[in-house]
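Here is the structure we will look at, set down as structure tokens.
Coordinate-derived values only; no laboratory data. Computed from a prediction, not measured in an experiment: that's the story for all the values here. Glycine gets a Cβ as well: all are built from the backbone with ideal geometry, and neighbour counts include every protein chain shown.
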Amino acid sequence: MSHFSIQLVALLSLTLLLPNTHGWGDDGHVIVCKIAQARLSKTAAEAVQKLLPKSAGNDLSTKCSWADHVHHIYPWSSALHYANTPDAVCSYKNSRDCIDYKKGIKGRCVVAAINNYTTQLLQYGSETKSKYNLTQSLFFLSHFVGDIHQPLHCGFLSDSGGNTIKVKWYTRKQTLHHVWDQIILQTEVDKFYDSDMGEFVDAIQQNITKVWANEVEEWEQCGDNDLPCPAQYASESTIDACKWAYKDATEGSVLSDDYFLSRSQIVNLRLAQAGVRLAAILNRVFDRKLSSSM
Ligand code: ADE
Ligand code: ZN
Ligand code: ZN
């Protein structure tokens, strides 16, 4: 091997081993936002179009990883990508678990972030100019609704949601967290969809209208006065983290067909739920004038 290619391989493997602190990989976020945008009401679709910058070409999915690129300019935002339960605790409790552990600030986590950015977006179209940058509120909200559906973004604190658990994905070294952020999805798209992400999105959309049709309304539902219900989404993720992500995957485990085939179903379901719910939240936010005036 040439000196150059050794360096390249070293760099590539470093990139792969670095803990991914930032949620589904780009692909996951693109999928969530494509599913969501296709389900927007006319009013919500228009609002989203107005909030998107020209560079997005009215495609929300081009901005759904934006939140992963602003950790340096907005250091406070890093804690907003996840929430953690105590070690081996398989149920999410908002008053206990929504906290920025590094800073010790209560009420800072992905659950609070979703509530916060939804509330900000309610100012859209009001007479007074919002003190918030609502374009950024939309980008943050769209990203965090994706993140909260990744089971290990609501995993255990002691292993940073699987970031410190080293496993083998077939023969390759990975962290368990990265397997759930990206690798299961990538393997699935490569293996079953000819590496064509568009085909995969189509298939998920088909499943939403056919296989999961009877459940979709339930996914969309929150309590009477809640626009989003992120503590509910987090609770589901924590349960899935225990039941599927951590199960049979401890330090040094070799994950192969059994793990891949069963877990990819969960990844697909969580991506679908995230997309459906993001659309439902945006529809409720931007259609609220109609329903509140009745
Ligand atoms: N990314 C970085 N830290 C994390 C944590 N504690 N839980 C989940 N994802 C994370
Ligand atoms: Zn993230
Ligand atoms: Zn992640």
Original post:
If you take the square roots of the eigenvalues of the alpha-carbon gyration tensor of segment 182-253 and sort them as a ≥ b ≥ c, do you get rounded (a/c under 1.5), prolate (a/b over b/c) or oblate?
Top reply: oblate
Subject >> Placed amide H near Phe156: partners under 5 Å, 5+ positions off or other chain >> reply: Thr85, Gly161, Gly162
Original post:
For segment 268-284, list residues with backbone N below 17 Å from a point placed 7 Å from the Cα of Ala203 toward its Cβ?
Top reply: 268-273
Original post:
Which of the cysteines found in the chain have nothing to pair with, since no other Cys Cβ lies under 4.7 Å from theirs?
Top reply: Cys154
Subject >> Packing-based order for 108-115, 147-154, using average beta carbon neighbours within 10 Å, highest first >> reply: 147-154, 108-115
Original post:
Just for the chain, what percent of DSSP beta bridges are antiparallel, to the closest 5?
Top reply: 65
Subject >> Principal-axis tilt of helix 42-51 within the chain, Cα atoms, nearest 10 degrees >> reply: 70
**OP:** For n ≥ 4 DSSP H runs only, could you compute -39500 (n - 2.57) per run for the chain, divide by its residues and tell me the 222 nm figure to the nearest 500?
**Re:** -15000 deg cm²/dmol
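Enumerate by residue number the trypsin sites (Lys or Arg not before Pro) in segment 126-169 meeting two conditions: DSSP loop (anything except H, G, I, E, B), and at most 14 other Cβ atoms within 10 Å of the site's Cβ.
Working: sites: Lys129, Lys131, Lys166, Lys168; in loops: Lys129, Lys131.
Passing sites in segment 126-169 are Lys129, Lys131.
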Original post:
For segment 122-208, rounded, prolate or oblate, judged on the Cα gyration tensor with a ≥ b ≥ c (square roots of eigenvalues), a/c < 1.5 rounded, else prolate if a/b > b/c?
Top reply: oblate
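May I ask which of Lys106/Lys243; Lys168/Lys247; Lys93/Lys243; Lys102/Lys243 have a Cα-Cα span longer than 19 Å here?
In this structure, Lys106/Lys243; Lys102/Lys243 exceed 19 Å between Cα atoms.
Taking the Cβ of Pro53 as the center, what net charge do the other residues with Cβ under 15 Å away carry, scoring Lys and Arg +1 and Asp and Glu -1?
It works out to a net charge of +2.
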**OP:** Could you tell me, in Å, what Rg and Dmax come out for the Cα atoms of segment 24-293?
**Re:** 18.1, 59
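When the Cα atoms of segment 38-109 are enclosed in a convex hull and the volume is divided per residue, what value in Å³ results? Intermediate results must be reported in sequence, preceding the final value.
On the way: hull volume 11.1 nm³, N = 72.
About 154 Å³ per residue, rounded to a whole number.
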Original post:
In degrees between 0 and 90, to the nearest 10, how far off the longest principal axis of the chain does helix 230-240 point, with axes built from Cα atoms?
Top reply: 20
Subject >> Range in the chain, longest, excluding exposed chymotrypsin sites (Phe, Trp or Tyr not before Pro) [loop by DSSP; at most 14 other beta-carbon atoms within 10 Å] >> reply: 171-294
Original post:
Within the chain, what is the longest stretch that has no GluC sites (Glu not before Pro) placed in a DSSP loop and near at most 11 other beta-carbon atoms within 10 Å?
Top reply: 1-126
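Can you tally the net charge around Asp190? Count Lys and Arg as +1, Asp and Glu as -1, for every other residue whose Cβ sits under 14 Å from the Cβ of Asp190.
Values: positive: Arg172, Lys191; negative: Asp27, Glu188, Asp194, Asp196, Glu199.
That sum, taken over residues with Cβ under 14 Å, equals -3.
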**OP:** Find the centroid of the Cα atoms in segment 241-286 and in segment 134-186, then give the distance between the two in whole Å.
**Re:** 10
Subject >> Amide proton proximity set for Ile105, modelled H, under 5 Å, gap of 5+ >> reply: Asp100
Original post:
What's the angle, to the nearest 10 degrees (0 to 90), between helix 110-121's Cα axis and the longest principal axis of the chain?
Top reply: 30
